[in-house]
Amino acid sequence: MLHIQGLTASIAGTTILRGLDLDIAPGEVHAVMGPNGAGKSTLSNVLTGREGYEVGGTVTYDGNDLLAMSPEERAVRGIFLAFQYPVEIPGVGNMYFLRTALNAVRHERGEDPLDAMTFLRVAKEQMAALDIDPAFLSRSVNSGFSGGEKKRNEVLQMTMLEPRLAILDETDSGLDIDALRVVADGVSRLRSPDRSMLIITHYPRLLDLVRPDRVHVLSAGRIIRSGDHTLADELEVDGYASTVAAAAS
Amino acid sequence: MSDVVEELVEREYAFGFHTDLDTDIAPKGLSEDVVRLISAKKDEPEWLLEWRLAAYRHFLTLDEPDWSSVQHPPIDYQDMHYWAAPKPKAPGPDSLDEVDPEVRAMFDKLGISIAEQERLSGVAVDAIIDSVSVATTFKARLAESGVIFCSFSDAVRDHPELVRRYLGSVVPYRDNFFATLNSAVFSDGSFAYIPAGVTCPMELSTYFRINTAQTGQFERTLIVAEDGATVSYLEGCTAPMRDENQLHAAVVELVALDDASIKYSTVQNWYPGDADGKGGIYNFVTKRGRCGDRAKISWTQVETGSAITWKYPSVILQGDDSVGEFYSVAVTANHQQADTGTKMIHIGRNTSSTIVSKGISAGHAQNAYRGLVKVLRSAEGARSHTQCDSLLLGSTCGAHTFPYIEVKNDTAQVEHEASTTKVDEDQLFYCRQRGLSQEDATSMIVNGFCREVFDELPMEFAVEAQALLRVSLEGSVG
Amino acid sequence: MATSVADRIAVGEGADAATARAWLDANGWPGRRDEAWKYTPVDEILASLEVEVVAEELVIGEVVAQEVAVTSADVDDLAGDHGGPRIVFVDGRHAPHLSTSHPLGDGAWCGARGDGDAAEPVEVVRYDGFQALNHLAAHEGAVVEIHAGIEVDLPIHIVHLAVPTASRLAQPRTTIRLGDAARATVIETYTGLPGATFVNASTTIALGEGAHLDHHRIQTESAEGIHVGHTRTNSGADSQLRSTSVMLGAAIARHALDLTLRGEHAHANLEGLYLPRGYQRHDNVLTVDHAASHGTTVQLFKGVIGDEARGSFGGHVIVRPDTVGTSADQTNRNLLLARTAQADTRPWLEIFADDVRCTHGATVGRLDDDALFYLRSRGIPRTEARAMLITAFADEIIDHLTPASLRGHVHDAVRRQTEDDT
């Protein structure tokens, strides 16, 4: 489904990704781990079309050139990014925002827009599952939300938008153990044979709860090691330093 | 954003049609004779003619003010008509059925079907074309609660004692250049009077329409809420597309006696001129209210139209514990200029004022907030808070903030906050990552930016205001 | 009116004087209707200038007469000794016997220079009659000149002392010039003996690329005096300016600070404190002109206003078209300490580019009742509690003064100014 080959990216003259290769098949959950500054956030930004990067290499998504698409085009075709720092948009109601996004995605899929009542019913079910207060919907998007609330809101959006490729950028950072479990449960529920996931994280603790099919170690803009989920455990014990050193030698 | 800005297309003005009405029009130019003519046309009492003439004589001593940031070629006050009125088919329409069908057709086109409004929405409407009131609805039902809502001319005829007592009591004829001009030549406008203790049973609304070419529009609105009375009033404005600039110099006076409350909302959509800045209304307006003890005056304005907007709806907080509010969204695109804001004059004890101003500037427009918060020595315990934010869409427009705060009482607490930014790139990207187009995302963010002000509008107009905002910025944002 | 005072002063010989004279003849004096003078009692200043001030011939190089009984100890008292060179001027004339010199090393110089020798050329942008009056006069100007790459550690102290005896118009002129990557700390103290003095000061600062200047301006002139001051700064690319202005003295004091960011990535931190008491009028007028991209400026001015005094702040941030990446913050906070005290604040933003992040905030209020109560509930007497809160409010600015001796000196001056408040 996603085929990344020789991906490079630089911003303001600084090269961050230096030829990254990655293949994700439908239904697979991949984790990309790496120390700070390895290029993890750049990878998610480049895959979702954030402006400001000089990008090289190829990325095909369902056989199409992903890099040629606008951010919204990628979104309606099923790529979802759970932001590391979800953005606050004062004055824009959470419900209104989510319904507009959902109907944009539905429009692309050739489905009718959801009316407000149906939307509300579906949203409330999902919120109950994610342990989110219903008052959430009437607040402004992420405005004044706590860190945990923001992350849950991301998972709620992901659940509602039913993406084909979900990218979770450090979704586990800043969460206490209870919130982490809620998020992990939400992610696990979304696993399905036709949905792929890319979990980007610094810490292996989310991976204990969501067992990925493949784990990659990103360092200095390249994937230096890949393996199954036991690689994550190994990193937890040994840290990144030895892996990075081993790859360099 | 930059490529978006380059896509700037001409904004379509939906209300730019002109209706051929048989019009009674005075010769061009301003003179004592014209002032007398206007007064005579309206069968005015002698005292009102004298008041007009006093204003006219004072006007001759004044120069056009130059302190604001707006720029325009000199206005030739002799090269416009000061009186134009649709000729009634029958003398004085007493019911809607007698209103000229073409006038009614025009209002239908504006989406203000007077008859429909009367049946459905429960909003009393006064419709004013080229300075003359053509229809006021719901008079009878309002009269049951003692509320008077009629054209200014009718008020002069039927309630001269009220008009005489309050006319010029908040905006005296010597107030400023444009108010003085208005005082001399005002043609019509709306009058509302809510007796003591009465809560007006419905929204009052006036729609203003400039129709005739080369005509200045000078209407005058006077709203009096007696002790404990409450009223909500809304005005809307449109004009045809013309290459020339037309002058609109209105005066609005609000009198809120003890414990009274007046909410005054404006959705101003005069023709803004074309994409090159040709044509459009020069909107120089004086609006002011005076509060008695515990009274409240709240101004809400959504200003999207006019080539130039120059207005500072103000509140004189004379009574103890009185409250003044100003909520404003001012949108300028293409070559529009706005210099708008408010004055809050704290005189009474424990008076409070709230100012929320949202300016949005796109294209080559210049958008300025100008405001004064003045706390006099007598205003023990006064409170004032100002939040004043500007949003820039494109690199060729300007956003300016010119606040003045003068405090002469140490128990006062005055705060002013302001910010100026462009649309946040992170917010845009977040919305687009969720599948929204750049235009939808920008529109959503801009609406969110204005939310606090829209929330102050009566429900049905809040929706209209949001739609208007979108139309105004069309092409500027995506 | 416009010219009569100008006719009574000794006129300089340089091109500046001609420019200034022509400007003054054409434009005259500022008035209340001039926006930048809205809160300055300019009519009173002009009346005083016309009636009371006798402008005298200024002879370059003339030693200040000993009849002006000022000693080094007096200067220590009034201005402090901050460990570096101290160049003293009395009524705009160099007083070598009161000055102390310290070697600054190669490429760095400070001292007095005659007319036209060292001054930056006059710019008639945002110009006014008082700047013109200063610039058309003959001068012994204070000059600080730091060449490219030179870093001066010692604080350079320029003291402008006004004395009332001669009843003359003092027109100090200061020029500070830092070459590329130069670094210095310059203190300007405007002080004086008790009595009716009239000071019309002009300072010009030019910062080269990557230059770094700490500039402190302390004004503690006689409470009967009039002080009109103007500081014009041009900042080069990547330069850093930290400026503090403390206004304590004069019956009527005005300081206009005009900063233009000429090069990209320039940064400026502008702070100020004004503490009018009695019937004093203190007016601060700031203009920050972002003429180049990626400039960052932060303004923080605080007023502590007592008695019948009036303190004003006018800030004006301009962001020019075709610039990007501007960040400008502007804050003005005022404490009113008496029923009859008055504060005016006018924080303006004028923005002609979209890639900006500008904010401003202004507050006027009195001491926080809750904080006061809290302190008193802990047994601190009311008077002392108030003093503590006032000091805390002022310290945010004073704490940024360098060196420590200056901090201490200003602290004491502020304490003297505020000790009767409670």
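The values are calculated or read from the model by the stated rules, or taken from the named source; none is laboratory data. Predicted model only: the values in this text are computed from it and were never measured. Every residue, glycine among them, receives a Cβ derived from its backbone with ideal geometry; neighbour counts consider all protein chains shown.
Given the condition touching a Lys or Arg at 6+ places or on another chain (Cβ under 8 Å) and either of a type in the set (D, E, K, R) or at the interface with chain A (Cβ under 8 Å from one of its Cβ atoms) (or both), answer yes or no: does some residue in the stretch B:457-473 qualify?
Scanning the stretch B:457-473 turns up no residue that is touching a Lys or Arg at 6+ places or on another chain (Cβ under 8 Å) and either of a type in the set (D, E, K, R) or at the interface with chain A (Cβ under 8 Å from one of its Cβ atoms) (or both).
Do we have residue C:372 as among the aliphatic types (A, V, I, L, M), surrounded by fewer than 18 Cβ atoms within 10 Å (Cβ to Cβ) and more than 7 Å from every other protein chain (Cβ to nearest Cβ) here?
yes
Please count how many residues of the stretch C:317-339 are charged (D, E, K, R) and at pLDDT 95 or above. First the steps, then the outcome.
Taking the stretch C:317-339 first, the residues charged (D, E, K, R) are C:320, C:322, C:329, C:333, C:339.
With at pLDDT 95 or above added as a condition, the list becomes C:320, C:329, C:333.
Matching residues across the stretch C:317-339 total 3.
Pick out, from the stretch A:130-249, the helices (runs of 4 or more DSSP H) lying fully within it that include 3 or more residues that are within 14 Å of chain B (Cβ to nearest Cβ) and either closer than 21 Å to residue B:431 by Cα or touching a helix residue (DSSP H, G or I) at 6+ places or on another chain (Cβ under 6 Å) (or both).
Fully inside the stretch A:130-249 and qualifying: A:147-161.
Taking residue C:354, is it in contact with a helix residue (DSSP H, G or I) (Cβ under 9 Å, 6 or more places away or on another chain), facing another protein chain (nearest Cβ under 7 Å) and either surrounded by fewer than 24 Cβ atoms within 10 Å (Cβ to Cβ) or modelled with pLDDT under 95 (or both)?
Taking the combined requirement at face value, the residue satisfies it.
Please enumerate the residues belonging to the stretch C:319-336 that are surrounded by 18 or more Cβ atoms within 10 Å (Cβ to Cβ) and more than 7 Å from chain B (Cβ to nearest Cβ). Let's see the steps before the verdict.
The first filter runs over the stretch C:319-336 and keeps only residues surrounded by 18 or more Cβ atoms within 10 Å (Cβ to Cβ), leaving C:319-320, C:323, C:326, C:328, C:330-336.
Correct list: C:319, C:320, C:323, C:326, C:328, C:330, C:331, C:332, C:333, C:334, C:335.
Within the stretch B:176-264, considering only strands (runs of 3 or more DSSP E) that don't extend past its boundaries, which have at least 1 residues that are among the hydroxyl-bearing types (Ser, Thr, Tyr), within 28 Å of residue B:54 (Cβ to Cβ) and touching a Gly at 6+ places or on another chain (Cβ under 9 Å)? Before the answer, list the steps.
Working: elements: B:190-194, B:203-209, B:220-225, B:230-238, B:245-248, B:251-256.
Those strands (runs of 3 or more DSSP E) span B:190-194, B:203-209, B:220-225.
Residues that are at pLDDT below 90 and surrounded by fewer than 24 Cβ atoms within 10 Å (Cβ to Cβ): does the stretch B:301-310 have at least one?
So far as the stretch B:301-310 goes, no, none of its residues is at pLDDT below 90 and surrounded by fewer than 24 Cβ atoms within 10 Å (Cβ to Cβ).
Tell me the residue from B:142, B:162 that is part of a helix (DSSP H, G or I), surrounded by fewer than 24 Cβ atoms within 10 Å (Cβ to Cβ) and touching a Cys at 6+ places or on another chain (Cβ under 9 Å), please.
Of the residues listed, the single one that is part of a helix (DSSP H, G or I), surrounded by fewer than 24 Cβ atoms within 10 Å (Cβ to Cβ) and touching a Cys at 6+ places or on another chain (Cβ under 9 Å) is B:142.
Quick test for you: out of A:232, A:220, pick the one residue that is under 25 Å from residue A:185 (Cβ atoms) and either surrounded by 16 or more Cβ atoms within 10 Å (Cβ to Cβ) or among the basic types (Lys, Arg) (or both).
Selected residue: A:232, the only one of A:232, A:220 that is under 25 Å from residue A:185 (Cβ atoms) and either surrounded by 16 or more Cβ atoms within 10 Å (Cβ to Cβ) or among the basic types (Lys, Arg) (or both).
Yes or no: the stretch C:301-308 includes at least one residue that is buried (at least 24 other Cβ atoms within 10 Å of the Cβ) and facing another protein chain (nearest Cβ under 9 Å).
yes
Can you say whether residue C:168 is within 15 Å of the chain's Cα centre (by Cα), of a type in the set (Lys, Arg) and at pLDDT below 95, as far as the supplied structure shows?
So residue C:168 fails the test.
Give the number of residues within the stretch B:23-48 that are in a helix (DSSP H, G or I) and either polar (S, T, N, Q) or under 16 Å from residue B:166 (Cα atoms) (or both). Show your work before the answer.
Keep residues of the stretch B:23-48 that are in a helix (DSSP H, G or I), which gives B:32-41, B:46-48.
Filter once more, keeping what is either polar (S, T, N, Q) or under 16 Å from residue B:166 (Cα atoms) (or both): B:39, B:47-48.
Residues flagged as in a helix (DSSP H, G or I) and either polar (S, T, N, Q) or under 16 Å from residue B:166 (Cα atoms) (or both) within the stretch B:23-48 amount to 3.
Answer yes or no as to whether residue C:347 is within 7 Å of chain B (Cβ to nearest Cβ) and out of contact with any Leu (no Cβ under 8 Å at 6 or more places or on another chain).
yes
Can you pull out every residue in the stretch C:196-223 that is farther than 16 Å from residue C:182 by Cβ and assigned to a loop (DSSP other than H, G, I, E, B)?
Of everything in the stretch C:196-223, those that are farther than 16 Å from residue C:182 by Cβ and assigned to a loop (DSSP other than H, G, I, E, B) turn out to be C:196, C:197, C:221, C:222, C:223.
Output yes when any residue across the stretch B:278-294 is at pLDDT below 95, touching a Pro at 6+ places or on another chain (Cβ under 7 Å) and more than 14 Å from residue B:217 (Cα to Cα), and no when none is.
No, because not a single residue in the stretch B:278-294 is at pLDDT below 95, touching a Pro at 6+ places or on another chain (Cβ under 7 Å) and more than 14 Å from residue B:217 (Cα to Cα).
When residues of the stretch A:43-58 are filtered for being touching a Lys or Arg at 6+ places or on another chain (Cβ under 9 Å) and within 26 Å of residue A:235 (Cβ to Cβ), how many remain?
Total meeting the criteria: 3.
Would you mention how many residues in the stretch C:175-195 are assigned to a strand (DSSP E or B) and either farther than 17 Å from residue C:140 by Cα or of a type in the set (Asp, Glu) (or both)? Give the steps one after another, and end with the answer.
Restricting attention to the stretch C:175-195, the residues satisfying the condition of being assigned to a strand (DSSP E or B) are C:175-178, C:183-192.
This time we only want the ones that are either farther than 17 Å from residue C:140 by Cα or of a type in the set (Asp, Glu) (or both), so: C:178, C:183-188, C:191-192.
Summing the residues that are assigned to a strand (DSSP E or B) and either farther than 17 Å from residue C:140 by Cα or of a type in the set (Asp, Glu) (or both) in the stretch C:175-195 gives 9.
Name every residue in the stretch C:69-87 that is of a type in the set (A, V, I, L, M, F, W, C) and within 19 Å of residue C:414 (Cβ to Cβ), in order of residue number.
C:78, C:79
Tell me the helices (runs of 4 or more DSSP H) entirely within the stretch A:68-129 that contain at least 2 residues that are at the interface with another protein chain (Cβ under 9 Å from one of its Cβ atoms), touching a Leu at 6+ places or on another chain (Cβ under 7 Å) and within 24 Å of residue A:48 (Cβ to Cβ).
Helices (runs of 4 or more DSSP H) meeting the threshold: A:71-76, A:94-109.
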